[in-house]
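Asker: My questions will all concern the structure given below.
The values are calculated or read from the model by the stated rules, or taken from the named source; none is laboratory data. Quantities reported herein were computed from a predicted structural model and do not represent experimental measurements. No Cβ is skipped: glycine too gets one built from the backbone with ideal geometry, and neighbour counts run over all protein chains shown. For accessibility, only protein heavy atoms count, side chains too; no ligands or nucleic acids. Shrake-Rupley method; radii C 1.70, N 1.55, O 1.52, S 1.80 Å.
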Amino acid sequence: MGEKMTAIIEQAEKDLLHTYNRYQIVLEKGEGVYLYDAEGKKYLDFMAGIAVFAFGYNHPDFNAALTDQIGKIIHTSNYFYNEPAARAARRLKAISGMDRVFFTNSGAEAVEGALKAAVKYAWLKDSRRDHQVIAMNNSFHGRTYGALSVTGNEKYRLPFGTMPCDVRFADLNDFDSLLAVLTDKTCAVIIEPVQGEGGLVPAEEDFLKKVRALCDEKDILLIFDEIQCGMGRTGSMFAWQKFGIRPDIMTTAKALGCGIPVGAFLMTEKVGQNSLKAGDHGTTYGGNPLACAAINAVLDIYEKEDLVGHVGEVAPYLTGKLAWLKEKHPCITEQRGRGLMQGLVFDRPVGPVIASAMDKGLILINAGASIIRFVPALTIEKEHVDEMAAILDAAITETLEA
Ligand SMILES: *Cc1c(COP(=O)(O)O)cnc(C)c1O
């Protein structure tokens, strides 16, 4: 590392709260699927800002749309209407098949809203104040208190006291484990159709069908967290659409704004009519014209470039390359995931492999200590997959097999 990055890092370390173990790199600009650090080094990016930059960096249409909106108005508050929000809501409904939209500033905030809607829905039916939520072990739903309460990783919750939601945890794809924690107080089940942070584990169709039927029978609300697996990443606009199992409430964020902080929770008309009302929920920034102009620009680019279709073409190639790596390196024990959301499970920590890859100009991200996660831009091409696989191959050989 040179002087420039060292100086920036040393300063940041003195001022920022130490909540992240950051890589010792200062990123300065991006172009397509490549990133450049402050000293000009180029990286192939298979992390995409954690599954955010669906069409890569510095997209001219995206930049133009944002610049245009900045020239008009970027914030109004929710005391007023704005055209970009009206348009984005209509379009989100069209791609999701849901009926009502609430815009948030982040993923965790979308999960908060989804939980509040579900609990209010149940409260309107029976006035109980002790409703329970069922979530999955190894799930990840965000770091705010409500989202944390449904996050199935004890490590994240332990130091933070009593959680606001009374949550029972079941195992993904194990319907009996879900039945075991079901009570007459259960008001919602929250599931990631493909678990992201928890290790790239796809929910199985049969499991989701059973959960859907159970929820219908008991009037329990099914919430799908599509924050990471949605927006085309698994080959359909939202991962659940492949199975046709519609949730009652859905969350989205990450690629929704492609770098502009925005999320949303969406619901069916039934939930919309019977949950959050004026005064129940709000946010100052949520749905502001800049954020919604970003959503509209994102959706324009998805349509124009058929990004979801492209995932269908390039993802099998990634699957093949990862299979080749697994075949070659016995320290890789499993390959899993869907579309451009895949993982390689190693029999030991992957930190050294990721560090070595970064050294060689490839940015990767882990999911837990021993899984490498592949969540590149949806615009990735086969040649980029080849480049990634060659570097990763060398990094594994040099670190784990040296
Ligand atoms: C990232 C993520 C969140 C949290 O989103 P933030 O924008 O970081 O608050 C929630 N759920 C899932 C599945 C995620 O991947």
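Asker: Using helices alone, what [θ] at 222 nm do you get for the chain, with -39,500 (n - 2.57) per DSSP H run of 4 or more residues, divided over all residues and rounded to the nearest 500? Kindly include the intermediate steps, with their values, before the conclusion.
Answerer: Numbers: 14 runs with 163 residues, N = 402.
That comes out to -12500 deg cm²/dmol.
Asker: Same structure, new question: At 1.4 Å probe radius, can you tell me the per residue accessible area of the chain in Å²?
Answerer: On the way: 17770 Å² over 402 residues.
Here the per-residue accessible area is 44 Å².
Asker: Report Rg (one decimal) and Dmax (nearest whole number) for the stretch 1-154, counting Cα atoms only, units Å.
Answerer: 20.7, 64
Asker: Continuing with the same structure: Farthest toward the dipole's positive end in the chain, which of Cys187, Ile95, His59, given Cβ charges of +1 (Lys, Arg) and -1 (Asp, Glu) about the Cα centre?
Answerer: In the chain, that residue is Cys187.
Asker: Given charges of +1 on the Cβ of Lys and Arg and -1 on the Cβ of Asp and Glu, with all other atoms neutral, how large is the dipole of the stretch 73-305 about its Cα centre, in debye to the nearest 20?
Answerer: Details: 26 positive and 28 negative charges, 107 e Å.
Here the size comes out at about 520 debye.
Asker: Right, another one. Excluding same-chain residues fewer than 8 positions from Lys116, which lysines have a Cα within less than 28 Å of its Cα?
Answerer: List returned: Lys93, Lys125, Lys155, Lys185, Lys209, Lys210, Lys218, Lys242, Lys254, Lys270, Lys277.
Asker: Label the stretch 286-334 by shape, choosing from rounded, prolate and oblate, from the square roots a ≥ b ≥ c of the eigenvalues of the Cα gyration tensor; if a/c is under 1.5 it is rounded, and otherwise prolate applies when a/b is larger than b/c, oblate when it is not.
Answerer: Judged from the Cα gyration tensor, the stretch 286-334 comes out oblate (a/c at least 1.5, b/c at or above a/b).
Asker: Follow-up. I'd like to compare 229-240, 176-187: which one has the highest average count of other Cβ atoms within 10 Å, and what's the full order after that?
Answerer: Answer by packing, highest mean first, reads 229-240, 176-187.
Asker: Roughly how many debye, to the nearest 20, is the charge dipole of the stretch 293-402 about its Cα centre, given +1 on each Lys and Arg Cβ, -1 on each Asp and Glu Cβ, and no other charges?
Answerer: Once rounded to the nearest 20, the dipole reads 380 debye.
Asker: Let me ask another. Among the aspartates and glutamates, which fall within straight-line cross-link reach of Lys72, defined as a Cα-Cα distance under 14 Å, with same-chain neighbours fewer than 8 residues apart omitted?
Answerer: Glu83
Asker: Order 317-327, 71-81 from most to least packed using the mean count of other Cβ atoms within 10 Å.
Answerer: 317-327, 71-81
Asker: Of the peptides 190-198, 153-161, 130-138, how do they stack up when ordered by the mean number of other Cβ atoms within 10 Å, highest first?
Answerer: 190-198, 130-138, 153-161
Asker: So how long is each side of the stretch 73-305 along the principal axes, counting just the alpha-carbon atoms, biggest first, in Å?
Answerer: Over the stretch 73-305, Cα extents along the principal axes are 50, 38, 36 Å.
Asker: State whether the stretch 207-333 is rounded, prolate or oblate according to the following rule on the C-alpha gyration tensor (a ≥ b ≥ c being the square roots of its eigenvalues): a/c under 1.5 gives rounded; otherwise a/b larger than b/c gives prolate, and the remaining case gives oblate.
Answerer: oblate
Asker: What number do you get for the stretch 182-273 when its Cα radius of gyration is normalised by 2.2 N^0.38 Å, N = residues?
Answerer: Normalised by 2.2 N^0.38 Å, the Cα Rg of the stretch 182-273 equals 1.09.
Asker: Could you work out how far the C-alpha centroid of the stretch 338-368 sits from that of the stretch 178-199, in angstrom?
Answerer: 28 Å
Asker: Just going by the charge dipole of the stretch 73-305, with Lys and Arg at +1 and Asp and Glu at -1 on Cβ, which of Thr76, Leu256, His141 is farthest out on the positive end?
Answerer: Thr76
Asker: Right, here's the next one. Per residue of the stretch 316-327, in order, report the coupling 6.51 cos²θ - 1.76 cosθ + 1.60 (Karplus, θ = phi - 60°) as ³J(HN,Hα) in whole Hz, putting x for Gly and Pro.
Answerer: Rounded to whole hertz, the list is x, 5, 4, 4, x, 5, 5, 5, 4, 4, 5, 4.
Asker: Can you compute the equivalent ellipsoid semi-axes for the chain, i.e. the square root of 5 times each eigenvalue of the Cα gyration tensor, sorted largest first and rounded to whole Å?
Answerer: With the √(5λ) rule applied to the chain, the semi-axes are 34, 26, 20 Å.
Asker: Between the stretch 131-165 and the stretch 74-93, how many Å separate their Cα centres?
Answerer: Using only Cα atoms to place each centre, the spacing works out to 31 Å.
Asker: I'd like the distance between the alpha-carbon centres of the stretch 1-61 and the stretch 266-329, rounded to an integer number of Å.
Answerer: 23 Å
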